[in-house]
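See structure below.
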Amino acid sequence: MKKNWQRIGFASTLTLALVAAGCGTDDAEEQDTADENGDTEASEDEDDADTAGTNYGEELDYTITGIDAGAGVVAAAERAIEDYDLEDWNVQTSSGAAMTQELTSAIENEEPIIVTGWTPHWKFEAFDLKILDDPENSFGEAESIHTIVREGLSSDMPEAHEMLDNFAWTAEDMDAVMLEIHEGTDEVEAAQNWIDENQDVVDGWTEGIPEVDGDEILLAYVAWDTEIASTNVVALVLESLGYDVSMSSMEANIMFTAVANGDADAMVAAWLPGTHEDYHAQMEDQYEDLGPNLDGEAALGLTVPAYMDIDSIEDLKE
Ligand code: PBE
């Protein structure tokens, strides 16, 4: 993960130099040199809104493009508004899909945009982005994604319980599924392709588990790109063990509640210890936490196109 963030930062410095200069690729080298010498002023282009310093407030109508209201990353962005005294700013809630759509069209038009971002996510493969520095730590540290199951699953469905307990993969794995879906492959097909290419990993999750005969199991999830990828993969693996699997997408708080009260059997979408801290603190006595399925590689942050002349949340202050 660290490597990824560093790479994002590096790429952004180069692009920033180009945008700040308002020049084409011919001048890129010259501008890079100037940049290295510490001359970062966009002095020739002060009238251009994109290069008029780091204040994007008016241009963006003081709006951060968020996702669904129940997402931890939206709560973190609202926390950032307080932590950094950004009273003029607000987080517009919509959905993960609407956010990536707005990000895509802003980038197509080279317009500024600030989104509530997270990683792993295909947007970092598809676009040149940077995550704004967060010296106040409003978005928390890198964390893990946990698998959580309802009370009683271990005795009712020991085979599913064991597979879910074994389920663990990497940010790279998750990225591969997400990217394929983003590029147009059907969700189930992308999950199956990943399984076919990583059969040895999947065999490790199912080894020694006896098959069942069509027992019904319900997986809860939220339609975030990360969770669409993981839940589809887990659903297919449970199917291969003989389960009749249903997936149901819902709001984040409903997902936690459904597993806590036994309406859903499991979910693989709990970002801990930070993002879903509130839900987990409320309900952890009512379900079983099987621990990380993705270990320490998940993180949140305000995310912008690399061409924007801004590096830190602090820069949003007037
Ligand atoms: N996310 C993806 C979720 C967790 C998974 C970062 C958008 C959230 O913010 O709650």
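The values are calculated or read from the model by the stated rules, or taken from the named source; none is laboratory data. Keep in mind that this is a model prediction, so the values were computed, not measured. Neighbour counts run over all protein chains shown; Cβ positions are idealised from the backbone, glycine included. All accessible areas refer to the heavy atoms of the entire protein, side chains included, with ligands and DNA or RNA removed. Shrake-Rupley method; radii C 1.70, N 1.55, O 1.52, S 1.80 Å.
Name the single residue, out of those in segment 270-281 being open to solvent by less than 20 Å² (accessible area, probe 1.4 Å) and of a type in the set (A, V, I, L, M, F, W, C), that is farthest from the ligand (Cβ to nearest atom).
Leu272
For segment 60-110, give me each residue that is among the β-branched types (Val, Ile, Thr), within 16 Å of the ligand (Cβ to nearest atom) and not in a helix (DSSP H, G or I).
Answer for segment 60-110, where residues must be among the β-branched types (Val, Ile, Thr), within 16 Å of the ligand (Cβ to nearest atom) and not in a helix (DSSP H, G or I): Ile64, Thr65, Ile67, Val91, Thr93.
It is to be established whether one or more residues within segment 254-269 are open to solvent by 10 Å² or more (accessible area, probe 1.4 Å) and under 30 Å from Leu103 (Cα atoms).
Checked segment 254-269: at least one residue is open to solvent by 10 Å² or more (accessible area, probe 1.4 Å) and under 30 Å from Leu103 (Cα atoms).
Return a yes/no flag: does segment 292-315 have any residue that is under 16 Å from Met163 (Cα atoms) and either free of Cβ contacts under 8 Å to residues at least 40 places away in the same chain or away from the ligand (no atom under 16 Å from the Cβ) (or both). Let's see the steps before the verdict.
Kept after step one, since they are under 16 Å from Met163 (Cα atoms), are these residues of segment 292-315: 292-294.
Applying the additional criterion that residues be either free of Cβ contacts under 8 Å to residues at least 40 places away in the same chain or away from the ligand (no atom under 16 Å from the Cβ) (or both) yields none.
There is no residue in segment 292-315 that is under 16 Å from Met163 (Cα atoms) and either free of Cβ contacts under 8 Å to residues at least 40 places away in the same chain or away from the ligand (no atom under 16 Å from the Cβ) (or both).
When you go through Asp285, Asp278 one by one, which is the residue that is free of Cβ contacts under 8 Å to residues at least 60 places away in the same chain, among the charged types (D, E, K, R) and either within 17 Å of Glu141 (Cα to Cα) or assigned to a helix (DSSP H, G or I) (or both)?
After applying the criteria, what remains is Asp285.
Can you pull out the residues in segment 158-203 that are charged (D, E, K, R) and surrounded by 15 or more Cβ atoms within 10 Å (Cβ to Cβ)?
Glu159, Glu162, Asp165, Asp173, Asp175, Glu180, Glu187
Do the conditions hold for Ala142, that is, is it in contact (Cβ under 8 Å) with a residue 40 or more places away in the chain and open to solvent by less than 30 Å² (accessible area, probe 1.4 Å)?
The answer is no for Ala142.
For segment 83-110, which residues satisfy the criterion of being free of Cβ contacts under 8 Å to residues at least 24 places away in the same chain and of a type outside the set (Ser, Thr, Tyr)?
Answer for segment 83-110, where residues must be free of Cβ contacts under 8 Å to residues at least 24 places away in the same chain and of a type outside the set (Ser, Thr, Tyr): Glu87, Gln101, Glu108, Asn109.
Quick one: count up the residues across segment 132-162 that are in contact with a Ser or Thr (Cβ under 6 Å, 6 or more places away or on another chain) and over 24 Å from Ile114 (Cα atoms). Step through it out loud before you land on a result.
Taking segment 132-162 first, the residues in contact with a Ser or Thr (Cβ under 6 Å, 6 or more places away or on another chain) are 132-133, 161.
When the remaining residues are screened for being over 24 Å from Ile114 (Cα atoms), the result is 161.
Looking only at that region, the number is 1.
Give the residues of segment 128-139 that are of a type outside the set (Gly, Ala, Ser) and either open to solvent by 40 Å² or more (accessible area, probe 1.4 Å) or over 14 Å from the mean Cα position of the chain (by Cα) (or both), sorted by residue number. Please lay out each step first, then the result.
Restricting attention to segment 128-139, the residues satisfying the condition of being of a type outside the set (Gly, Ala, Ser) are 128-137, 139.
Passing the criteria: Asp128, Leu132, Asp133, Asp134, Pro135, Glu136, Asn137.
Can you find even one residue in segment 218-230 that is of a type outside the set (A, V, I, L, M, F, W, C) and away from the ligand (no atom under 16 Å from the Cβ)?
Within segment 218-230, the subset of a type outside the set (A, V, I, L, M, F, W, C) is 221, 225-227, 230.
Cutting the leftovers down to away from the ligand (no atom under 16 Å from the Cβ) gives us none.
No: segment 218-230 contains no residue that is of a type outside the set (A, V, I, L, M, F, W, C) and away from the ligand (no atom under 16 Å from the Cβ).
What about Gly204, is it without any contact (Cβ under 8 Å) to a residue 40 or more places away in the chain and closer than 14 Å to Leu238 by Cα? Walk me through it before giving the result.
Numbers: without any contact (Cβ under 8 Å) to a residue 40 or more places away in the chain: yes; closer than 14 Å to Leu238 by Cα: yes.
So Gly204 passes the test.
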